[in-house]
1. So if I average 1/r over every pair of distinct C-alpha atoms in segment 132-193 and take the inverse, what Kirkwood radius in Å does that give?
2. Which whole-Hz ³J(HN,Hα) couplings does segment 120-131 yield from phi under the Karplus relation 6.51 cos²θ - 1.76 cosθ + 1.60, θ = phi - 60°, glycine and proline marked x?
3. Whole-Hz Karplus ³J(HN,Hα) for segment 139-154, in order, using 6.51 cos²θ - 1.76 cosθ + 1.60 and θ = phi - 60°, x for Gly and Pro?
4. So, in nm, how far is label D145 from label V75 when the simple model puts each one 7 Å beyond its Cα toward the Cβ?
5. Hey, rough spin-label estimate for I159 and E43, points 7 angstrom out along Cα→Cβ, what's it come to in nanometres?
6. In nm, what is the difference between 0.36 nm times the number of residues separating L63 and V116 and their Cα-Cα distance?
7. Could you order peptides 57-69, 124-136 by the average number of other Cβ atoms within 10 Å of their residues, highest first?
Amino acid sequence: MHCLPVSVVWDRILDAVGIVNAAKPLPKQAYSLPMSKRRDKIERGKELTAQSWDVLKSDASLLLFPVLSTIFGIVAMGLILVPTIGLRGLQDVADSKHPVAYIIATHDPTYYIAIVASAFVSTFIAVFFNVALAACATRSLRGQDTRVSEGLSAAFARIGPILGWTLVTTTVGLILQILEEYVGFAGKIAVWI
């Protein structure tokens, strides 16, 4: 199987998304018929997907970040929600026809605290591993070897901004969800915007 060098893939990605490399003139392309904008976007998307897949094939360690994020997310949710439900009684929730509606109807602050904590922790885990992935992907695109530990180190070095972004993202996400649930049509418009 033929693998392109990462620098060639990087150039192709930049070309596909329309970023011109000033050091290298773009080749002239002759088209017999002009393509519609929609078709052009679809073609660029296909090219970008294929090139991204080539990068992943050349550096399979990048695939570990989404896997680790999923595993840590499931464990974190279990560590938050299982004790919460255990504290408040699984039987009451399970006996209800609609467990989520029961939790909301009881107005028990324990559940609300668990929901906010779950949202914050899951967002933090996703952002943390995305930063680690981005750090390794950048190194890989530069032609450097990458290791998962390097990505994790890069993410730990940016833990302050990650926590700040997690707080903003979680707060905005919860506010938008509340608007959508309780304000009706106006809330749905606000979320859509």
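FYI, it's all coordinate maths here, none of it is from the lab. Since this is a predicted model, take the numbers as computed values, not measurements. Methodologically, a virtual Cβ is constructed for each residue, glycine included, from the backbone with ideal geometry; neighbour enumeration extends over all protein chains shown.
1. Its Kirkwood hydrodynamic radius stands at 14.1 Å.
2. Going residue by residue, I get 5, 5, 5, 5, 4, 4, 4, 5, 4, 6, 5, 5 Hz, with x marking Gly and Pro.
3. Karplus values, whole Hz, x for Gly and Pro: 5, 5, 5, 7, x, 8, 6, 10, 10, 4, 4, 5, x, 5, 4, 5.
4. 2.7
5. Modelled inter-label distance: 4.9 nm.
6. 16.2 nm
7. 124-136, 57-69
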